[in-house]
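The values are calculated or read from the model by the stated rules, or taken from the named source; none is laboratory data. From a predicted model like this one, the values you see are computed outputs, not experimental measurements. We place every Cβ from the backbone using ideal geometry, glycine too, and count neighbours over all the protein chains shown.
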Amino acid sequence: MAARKRETVTVVSQEQLADGIFSMWIQTEAAKTARPGQFISMYTNDGSKLLPRPISICEIDTETSKLRVVYRVTAEKTGTEQFSKMKAGDTLPIIGPLGNGFPLEAGKGKRAFLIGGGIGVPPILELAKQLDCEKQIIMGYRDADTFLKEQFEENGTVYISTEDGSVGTKGNVIDAIRAEKLTADIIYACGPTPMLKALKTYAMENGIECYISLEEKMACGIGACLGCVCHSKGIDEHSNVRNKRICKDGPVFRAEEVELLTPDEQRERIASGIMIKKEEQA
């Protein structure tokens with residue numbers, strides 16, 4: 001894992017890609033050591049918001065020391081809304097690069113699925129650019145706002161699923177895989193928990209090596225709040241229980257290392273004292 005560093009960075013550009021989705025390029029030393037699947041923790045310039053927002057890295061330009069982040073504005077008066085109002089020349093503090101990224105060497109020479117769903121789409125772009133293998137890129141969107149689609153098409157064969165059927169296969173990414181009769185030796189994925197849970201099951205049933213990014217679950221991004229704890233096979237050195245802190249131990253894991261729980265399953269674990277409830281740690 002690359003050493004994390006706090007610095008004040010400059011916004012190079014910002015644009016809106018879709019409803020509530022924004023793209024920001026920043027000038028930062030973090031670009032020199034960043035890897036696909038890692039993230040940065042971004043602080044607002046609002047002193048009332050003490051914890052940073054963890055945002056996955058979308059693109060890395062090592063030559064010009066720039067990083068691109070693509071993020072969703074979650075609500076009004078939030079940190080992400082403040083980020084969306086920033087312009088070229090504005091500055092903000094960040095820490096990064098953080099986390100364990102996707103293992104590029106695991107996919108070398110293989111036939112790979114690169115799968116993103118929702119706001120889990122952006123972290124897959126830099127992976128698609130750097131991965132040396134046959135790339136089948138499967139993106140899941142809600143509707144026809146297929147942000148980043150053109151850039152993915154420059155880096156592999158792209159298949160789209162949409163919930164409303166407006167583009168590509170109607171349904172989810174598993175539906176697209178089956179409709180197109182696709183096969184793979186390895187899976188890299190980032191997206192909402194239900195999608196990742198389905199992909200984990202699919203990978204196990206078909207004997208496919210699978211790596212998943214749980215970045216959706218991160219809260220502070222620096223290991224302080226314990227809000228991103230997930231249940232794991234192994235015992236965590238920090239807590240001495242079968243938990244992993246996604247921001248510190250991940251966000252990328254081999255699928256079989258972690259349990260992906262439904263809300264009901266998570267409530268059962270919380271009740272039994274196995275997991276730490278996110279709201280109680282914030």
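Numbers at a glance
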| quantity | calculated |
| --- | --- |
| Members of the range 64-86 found to be closer than 29 Å to Asn155 by Cα and out of contact with any helix residue (DSSP H, G or I) (no Cβ under 9 Å at 6 or more places or on another chain), listed by number | Thr80, Phe83, Ser84 |
| Long-range neighbours under 7 Å by Cβ, at least six apart or interchain, first residue within 23 Å of Leu214 (Cβ to Cβ) within the range 43-63, second part of a loop (DSSP other than H, G, I, E, B) and modelled with pLDDT of 90 or more | Pro52/Tyr43; Ile57/Ala34; Ile57/Gln38; Ile60/Ala34 |
| Residue within the range 69-90 that is surrounded by fewer than 24 Cβ atoms within 10 Å (Cβ to Cβ), polar (S, T, N, Q), over 16 Å from Ala18 (Cα atoms) and outside the structural domain of Asn172 (by TED's automatic domain parsing) present | yes |
| Residues satisfying the stated conditions in the range 1-42, i.e. without any contact (Cβ under 8 Å) to a residue 40 or more places away in the chain, charged (D, E, K, R) and over 26 Å from Asp249 (Cα atoms) | Glu15 |
| Residue count for the range 23-46, restricted to those that are under 18 Å from Arg72 (Cα atoms) and among the hydrophobic types (A, V, I, L, M, F, W, C) | 6 |
| Which numbered condition Lys49 misses (of (1) under 20 Å from Arg72 (Cα atoms); (2) surrounded by fewer than 16 Cβ atoms within 10 Å (Cβ to Cβ); (3) modelled with pLDDT of 95 or more) | (3) |
| Residue check, Arg6 farther than 17 Å from Ser84 by Cβ, at pLDDT below 95 and touching a strand residue (DSSP E or B) at 6+ places or on another chain (Cβ under 8 Å) | yes |
| Residue that is surrounded by the most Cβ atoms within 10 Å (Cβ to Cβ) [pool: residues in the range 152-169 that are of a type outside the set (A, V, I, L, M, F, W, C) and touching a helix residue (DSSP H, G or I) at 6+ places or on another chain (Cβ under 6 Å)] | Ser161 |
| Extreme residue, modelled with the highest pLDDT, among residues of the range 199-231 that are small (Gly, Ala, Ser) and buried (at least 18 other Cβ atoms within 10 Å of the Cβ) | Ala203 |
| For Leu114: the one exception among (1) surrounded by fewer than 20 Cβ atoms within 10 Å (Cβ to Cβ); (2) within 23 Å of Phe22 (Cα to Cα) | (1) |
